[in-house]
Amino acid sequence: MPMRHRFPLLAAAALMAAVASAPTAAAAGTNPESGAREDQRTALVIHGGAGVITREQLSEADEAALRADLDRALDAGDAVLKRGGTALDAVTAAVVVLEDSPWFNAGKGAVFTADGTHELDAAVMEGHTRRAGAVAGLRTVRNPIRLARAVMEHSPHVFLVADGAEAFADTRPDVERVPNEWFDTPRRREQLEAAREREQRQAAGEALPVAPGTYFGTVGAVALDANGHIAVATSTGGMTNKRWGRVGDAPVIGAGTYANDVCGISGTGWGEFYLRAVAAHDICARVALRGDPIAVAAEDVINRIIPALGGDGGAIGLDAQGNIVMPFNTPGMYRGWIKPDGRRGTAVFRDP
Ligand code: ASP
């Protein structure tokens with residue numbers, strides 16, 4: 001019998017056997033609230049930015065404090081996943097912790113613009129529905145990721161910027177507001193002063209290489225939930241000394257943030273290059289359309305295409321099987337993960 005005839009018979013027999021032995025939904029371990037299968041394993045990966053981080057610049061005490069906040073973000077996201085919550089809730093919970101941490105360039109601790117203020121960008125996306133929400137140039141929203149999510153869930157739009165995004169925030173009593181100075185930290189002010197000084201020296205004709213730490217520090221999370229759904233969230237203060245309403249890749253769907261049914265990616269790095277490479281979408285499109293393993297797709301975009309254009313940075317991501325990737329072409333990337341088998345960790349440099 002030719003294969004095309006035999007297969008349906010075999011498939012039908014297998015299906016009947018499966019139906020005969022299938023336990024009821026409750027006995028199969030279905031969470032009554034979420035409908036999620038309890039045997040479906042979850043995964044979570046987060047970043048706190050890639051960049052020129054050297055062991056000399058990072059004291060042991062600072063590294064411990066920073067990694068403790070990465071662990072708190074993992075705990076927040078994992079708690080959602082473990083109770084059968086959605087990937088969307090998990091990435092929101094993880095990113096809120098990182099936004100509230102002064103160590104990262106998102107929310108509290110965001111970098112300064114050239115005029116000494118803060119302008120915050122964020123985006124969130126759900127893979128299986130392709131729903132997305134994004135905001136840029138926020139000045140008073142404590143947790144930009146919450147407003148990005150409100151754009152997705154409570155507006156007919158995907159991307160709101162500056163005054164319009166602030167006006168939308170005025171309609172959302174659940175979104176906490178703070179004065180712009182609330183985001184200040186002494187470390188970021190020092191970085192602004194150093195950037196201004198370099199600018200003056202460059203204007204006076206000195207040839208200086210790109211200053212370490214003038215960009216990077218964005219935060220992001222990608223989760224796979226018990227229903228097999230993927231979501232991604234990214235939040236940033238952008239680049240130190242930015243002007244003219246500059247917006248990077250983080251809030252641009254496809255550039256720094258993207259998810260589909262089989263892949264989710266959050267980028268961090270020199271945003272101009274991630275925009276030009278449409279980096280997050282490029283990785284996920286290779287996985288979805290060409291069947292590339294996510295590790296191969298992410299490696300090629302982050303470690304070949306971005307550097308070939310002259311940019312640098314990293315990304316985190318996962319696929320529908322919970323395979324986690326964390327490529328970067330910089331000396332370090334703050335990152336943390338919980339694999340489907342429960343193994344977890346945090347790291348900063350290439351060697352753990
Ligand atoms: N990608 C961000 C931006 O260009 C910066 C970062 O990742 O730290 O705005």
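A short reminder: the numbers here are calculations on the coordinates, not readings from a lab. Every value quoted in this text rests on a predicted model; they were computed, and no experiment measured them. Cβ sites come from the backbone with ideal geometry, for glycine too, and all protein chains shown count toward neighbours.
See the values below:
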{"quantity": "Matching residues, segment 109-131, being away from the ligand (no atom under 15 Å from the Cβ), buried (at least 21 other Cβ atoms within 10 Å of the Cβ) and not acidic (Asp, Glu)", "calculated": "Val124, Met125, Gly127"}
{"quantity": "Residue match in segment 212-223 (condition: away from the ligand (no atom under 16 Å from the Cβ) and either among the aliphatic types (A, V, I, L, M) or buried (at least 17 other Cβ atoms within 10 Å of the Cβ) (or both))", "calculated": "yes"}
{"quantity": "Segment 230-257 residues that are closer than 17 Å to Gly314 by Cα, paired with ones that are near the ligand (Cβ under 9 Å from one of its atoms) and aromatic (Phe, Trp, Tyr) (beta carbon under 7 Å, 6 or more apart)", "calculated": "Met239/Tyr215; Asp249/Tyr274; Ala255/Tyr274; Gly256/Tyr274"}
{"quantity": "Search result, residues across segment 286-324 that are among the hydrophobic types (A, V, I, L, M, F, W, C) and farther than 19 Å from Ala259 by Cα", "calculated": "Ile305, Ile306, Ala308, Leu309"}
{"quantity": "In segment 95-108, the residues that are more than 16 Å from the ligand (Cβ to nearest atom) and over 17 Å from Gly133 (Cα atoms)", "calculated": "Val97, Asp100"}
{"quantity": "Helices (runs of 4 or more DSSP H) wholly inside segment 258-300 containing at least 2 residues that are closer than 18 Å to Thr330 by Cα and more than 16 Å from the ligand (Cβ to nearest atom)", "calculated": "294-300"}
{"quantity": "Some residue of segment 185-201 being crowded, with 17+ Cβ neighbours inside 10 Å, among the charged types (D, E, K, R) and part of a loop (DSSP other than H, G, I, E, B)", "calculated": "no"}
{"quantity": "Residues being near the ligand (Cβ under 8 Å from one of its atoms) and more than 18 Å from Thr140 (Cα to Cα) - total across segment 240-249", "calculated": "2"}
{"quantity": "Failed condition for Leu138, given (1) in contact with a Lys or Arg (Cβ under 6 Å, 6 or more places away or on another chain); (2) without any contact (Cβ under 8 Å) to a residue 60 or more places away in the chain; (3) within 14 Å of the ligand (Cβ to nearest atom)", "calculated": "(1)"}
{"quantity": "Sole exception among (1) away from the ligand (no atom under 11 Å from the Cβ); (2) under 23 Å from Val158 (Cβ atoms); (3) of a type in the set (Asp, Glu) for Glu206, by number", "calculated": "(2)"}
